[in-house]
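Some notes on the structure that comes next.
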Amino acid sequence: MIIKPKGTYDIYGSDAKYYNYINSLFSTIAEYYNYKFIRTPIFESSELFHRTVGETSDIVSKETYDFVDRGERNVTLRPEGTAGVVRSYIENKMYGEVNQPIKLYYSGPMYRYERPQAGRYREFTQFGVEVLGSDLPIQDAEVISLAYRVLEEMGIDNITVKINTLGDAESRVNYREALVKYLEPHINNLCPDCQNRFKTNPLRILDCKADKDSDILKNAPSILDYLNEESKNRFDKVLEYLTILDVDYELDSNIVRGLDYYNHTVFELVTDMPELGNASTLGAGGRYNNLVENLGGPSTPCVGWACGVDRLMIILKELNKDSEITDNVDVYVMAVNDEERLTAARLVQDLRWSELKVEYDTLDRGLKAQFKAADRINARLLVILNSEELNKGIITVKDNLTKEEVKIDENEIIDYIISNL
């Protein structure tokens, strides 16, 4: 028997119900904020991710699915969504469009070769937003509030936005010097990955999962103490807008994010649900003002975030959201012989074209079995076709909640069902 690859899973049944609910809710709210949908390829040139995510990042150095295709091209399955969106922004010259900034949202599968655990897979789904063209602090606050609202609408009420700033180039240089000076005497007491990061990108040490609880990192200097006046004022303004937008936040100077392209605002949305174990981060993002230019486009300030659908599915199940994520059927049409099925086929088609969710029997079951089937899928109205009644132009409709039965003229059946739903 052929089985699915390690770190992947099938989405069907109740999982599919949650999956569709999450994506539908996200896209609806993104549209409220006037974001437009974008779809980028699942695989791109390896150079795209190596240049954007960073050669020394854990994602590129350990987790990407890289391969050479039949045309001898180096391609990579996308490990995150931002790089592809930025590439599309440049390639399609969106920076020349009249309506600015460009506000986009996406949803789709991503791929990282890492150790599978609860809510973390090698093939996983992310949804996210990117805003390209605005540098104002209010834009940072808007994208954070959008993420916050999506999670709130799902009924997750223990959300915390952990936020930090990496400042501008000057601030980061000053902080990097202070951090290196502090870490140098302790570096041999940190994990091998941190020892490598010390040589390539010391700020990444603050994002280490293995040493995150060590006193060395807890006592590390804070970047907030090394911000120049401009960066400090900018960050204060972001926090002021978040307060106005009723977003609960907590300062966390250890948040640096694991990607090379961030500057200024960085943040994570976390929950303390024990069911997720160590995987408590639901989404994350930040500002990346240099990425477009680094990929050959014009200087463009950008900000965005992404959330993992897989972890959200776990949370919604734990919160018993079944009653809110309905999968009920509006009408179940019953027929037991060929004459009745001909009428059923036409009636079902007409009801579906009237935007109703309709089901009927295609297994040649008896009427008793069809009643049970209708109950299992929570059908609201039952349309019971009977040859003798059809010859008189009459159809029986039963309300499955009140158990009331009525006889309706066949020519009025569609209007009756619509008016009662």
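Laid out as a table, the results:
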| item | result |
| --- | --- |
| Selection count where residues are at pLDDT 85 or above and over 23 Å from VAL238 (Cβ atoms), scope the range 157-178 | 0 |
| Matching option when the condition is under 24 Å from LEU282 (Cα atoms), modelled with pLDDT under 85 and out of contact with any strand residue (DSSP E or B) (no Cβ under 7 Å at 6 or more places or on another chain), among LYS209, LYS199, LYS181 | LYS209 |
| Verdict on VAL98 being at negative phi and either surrounded by fewer than 17 Cβ atoms within 10 Å (Cβ to Cβ) or acidic (Asp, Glu) (or both) | yes |
| In the range 342-378, residue surrounded by the most Cβ atoms within 10 Å (Cβ to Cβ) [restricted to those that are under 19 Å from GLU412 (Cα atoms) and more than 37 Å from the chain's Cα centre (by Cα)] | LEU347 |
| Residue tally, condition in contact (Cβ under 8 Å) with a residue 24 or more places away in the chain and either among the aliphatic types (A, V, I, L, M) or part of a strand (DSSP E or B) (or both), over the range 365-378 | 4 |
| Residue satisfying all of: in the range 379-398; outside any helix (DSSP H, G or I) and surrounded by fewer than 13 Cβ atoms within 10 Å (Cβ to Cβ); nearest to the chain's Cα centre (by Cα) among these | GLY393 |
| Among (1) open to solvent by less than 50 Å² (accessible area, probe 1.4 Å); (2) in contact with a helix residue (DSSP H, G or I) (Cβ under 8 Å, 6 or more places away or on another chain), the one test that ARG51 misses | (1) |
| Count - residues of the range 161-196 that are open to solvent by 40 Å² or more (accessible area, probe 1.4 Å) and either polar (S, T, N, Q) or in contact with an Asp or Glu (Cβ under 8 Å, 6 or more places away or on another chain) (or both) | 7 |
| Filtered residue count, the range 227-236, keeping only those that are part of a helix (DSSP H, G or I) and open to solvent by less than 80 Å² (accessible area, probe 1.4 Å) | 4 |
| Candidate set from the range 120-160 (those that are hydrophobic (A, V, I, L, M, F, W, C), open to solvent by 10 Å² or more (accessible area, probe 1.4 Å) and over 17 Å from the mean Cα position of the chain (by Cα)); member that is farthest from GLU240 (Cα to Cα) | LEU136 |
| Restricting the range 69-89 to residues that are part of a helix (DSSP H, G or I) and of a type outside the set (Gly, Ala, Ser), the residue that is surrounded by the fewest Cβ atoms within 10 Å (Cβ to Cβ) | ARG87 |
| Odd one out for VAL329 among (1) surrounded by fewer than 17 Cβ atoms within 10 Å (Cβ to Cβ); (2) closer than 25 Å to ILE418 by Cβ; (3) of a type in the set (A, V, I, L, M) | (1) |
| Subset of the range 90-125 [free of Cβ contacts under 8 Å to residues at least 12 places away in the same chain and either part of a strand (DSSP E or B) or β-branched (Val, Ile, Thr) (or both)] | VAL98 |
| Pairs where the first residue, in the range 177-206, is within 12 Å of ALA220 (Cβ to Cβ) and part of a helix (DSSP H, G or I) and the second is of a type in the set (Ser, Thr, Tyr) and open to solvent by 60 Å² or more (accessible area, probe 1.4 Å), C-beta under 7 Å, 6+ apart | ALA178/TYR226 |
| Of the criteria (1) open to solvent by 10 Å² or more (accessible area, probe 1.4 Å); (2) in contact with a Gly (Cβ under 9 Å, 6 or more places away or on another chain), which one ASN92 fails | (2) |
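Here is a yes/no grid of residues against (1) surrounded by 18 or more Cβ atoms within 10 Å (Cβ to Cβ); (2) out of contact with any strand residue (DSSP E or B) (no Cβ under 9 Å at 6 or more places or on another chain); (3) modelled with pLDDT of 80 or more; (4) of a type outside the set (Asp, Glu):
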{"residue": "VAL247", "(1), (2), (3), (4)": "yes, no, yes, yes"}
{"residue": "SER253", "(1), (2), (3), (4)": "no, no, yes, yes"}
{"residue": "LEU259", "(1), (2), (3), (4)": "yes, no, no, yes"}
{"residue": "TYR262", "(1), (2), (3), (4)": "yes, no, yes, yes"}
{"residue": "GLU293", "(1), (2), (3), (4)": "no, yes, yes, no"}
{"residue": "GLY296", "(1), (2), (3), (4)": "no, yes, yes, yes"}
{"residue": "SER299", "(1), (2), (3), (4)": "no, yes, yes, yes"}
{"residue": "CYS302", "(1), (2), (3), (4)": "yes, no, yes, yes"}
{"residue": "LYS321", "(1), (2), (3), (4)": "no, yes, no, yes"}
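The values are calculated or read from the model by the stated rules, or taken from the named source; none is laboratory data. Because the structure is predicted, anything quoted here is derived from the model rather than measured. Neighbour counts are summed over all protein chains in view; Cβ atoms, including those assigned to glycine, are modelled from backbone coordinates with ideal geometry. Note: accessible area is taken over every heavy atom of the protein model, side chains too, but ligands, DNA and RNA are not part of it. Shrake-Rupley method; radii C 1.70, N 1.55, O 1.52, S 1.80 Å.
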